[in-house]
Amino acid sequence: MKKIIFSALLPISLWYMTGCAVHPVTLEKEFMIISEGKEIAIGRRSDPFVLQQFGYYDDPVLQEYITRVGQKLVSACRRKDIEYYFKVLDSEDINAFALPGGYIYITRGMLALINSEAELAGVLGHEVGHVVGRDSANLISQQTWFQIVALAGMAVSPTTRELAVAGNLLFDAVMLGYGREKEHLADSQAVEYMYRAGYDPLQMSQLQRDLAELVQGPAGYGRYLSTHPDIFDRIHRTEADAKIVFAMQDALTGQDRSSGNAKGMLLADEYKSHLDGLAYGPKDQIRRIKIYTVEEGDTLEAIALKAMGSSKKAKEIAFLNGLEIAPQLHPGQKLKVVY
């Protein structure tokens, strides 16, 4: 009996030890037992599970907008030979993640805290970076011996059950994050893709800084930190990456961005216009985001009283818009409020 088991496991062992691929960004060899075809199949089979788990946010206009921004980043990325899918999830959690084969998700909770299209591009660009690097496929490949044995049939012809097992294992692993270096690499790619797509890549570190200051915010923030670790280190790295991109471009063109030359698109008002009416908070206590235009003499307290019925809501407005509690407001400025 032991001999039979050994005979059955020997091919798996050899396959386990020899499977590798070259990372498309670092050009280093990585352990990889999932072909691109299997990777796409796992993503396709896992997508319904994700939508069932979190819920699909039913707003075709918003979904189309997120897809449009996402595809701008795809056009600038290093892996354009697969389809990419961008979907908004009906969850108050502050999160975004990617599954194999180009399936990228962002929660309405995350959208509520983003303040510009450039910041959105940073989040989506980070997840595109994970897809480009085939990080989720590599994650499957790094599972324990017993999981590898469970997935061994995928080396020949995966069945529905085997793909479902892989999808469940993958989802659990993705929720735990890819690890420090993978996250840093995805950040670096996001900076590159943002710049190529015409966005200000410094807005990525700005969003990370805002998130880092929300320790006392909604419970979903803890979920984001658990899947995106070392955020303070990442802030410094992404800011440095953006400055390097600018310096290299300035050297090539003779520009000097320190004199006030544009760093790229921000599109804050464009982004906020798509959030008008967005569901906010837990599903059993849904409120809606409304876009308020600042008037002459407005303060956060005055806006909170007019738009939300209580000046005490000023802190919530500051929280939503990444502002200090007593910011300098400007007439015409767009702010998110909740009703």
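The values are calculated or read from the model by the stated rules, or taken from the named source; none is laboratory data. Small disclaimer: the values here were computed from a predicted structure and weren't measured. Heads up, the Cβs are rebuilt from the backbone with ideal geometry, glycines too, and the neighbour counts pull from every protein chain shown.
Of all residues in segment 279-299, those that are without any contact (Cβ under 8 Å) to a residue 12 or more places away in the chain and in a strand (DSSP E or B) total 0.
Applying a threshold of 6 Å to beta carbon distances and a minimum spacing of six or more residues, or different chains, the list of pairs starting in segment 236-256 at a residue that is surrounded by 16 or more Cβ atoms within 10 Å (Cβ to Cβ) and ending at one that is of a type in the set (Gly, Ala, Ser) and at pLDDT 90 or above reads THR238/SER205; GLU239/SER205; ASP241/SER188. In segment 283-339, what count of residues is obtained for those that are closer than 22 Å to LEU267 by Cα and β-branched (Val, Ile, Thr)? The qualifying residues number 7. Of all residues in segment 73-85, those that are of a type outside the set (Asp, Glu) have Cβ atoms under 8 Å from Cβ atoms of residues that are part of a loop (DSSP other than H, G, I, E, B) and exposed (fewer than 12 other Cβ atoms within 10 Å of the Cβ), 6 or more apart or on another chain, in VAL74/LYS80. Out of LEU305, LEU329, LEU323, one residue alone is among the hydrophobic types (A, V, I, L, M, F, W, C), part of a loop (DSSP other than H, G, I, E, B), more than 25 Å from ARG108 (Cβ to Cβ) and outside the structural domain of SER116 (by TED's automatic domain parsing). It is LEU329.
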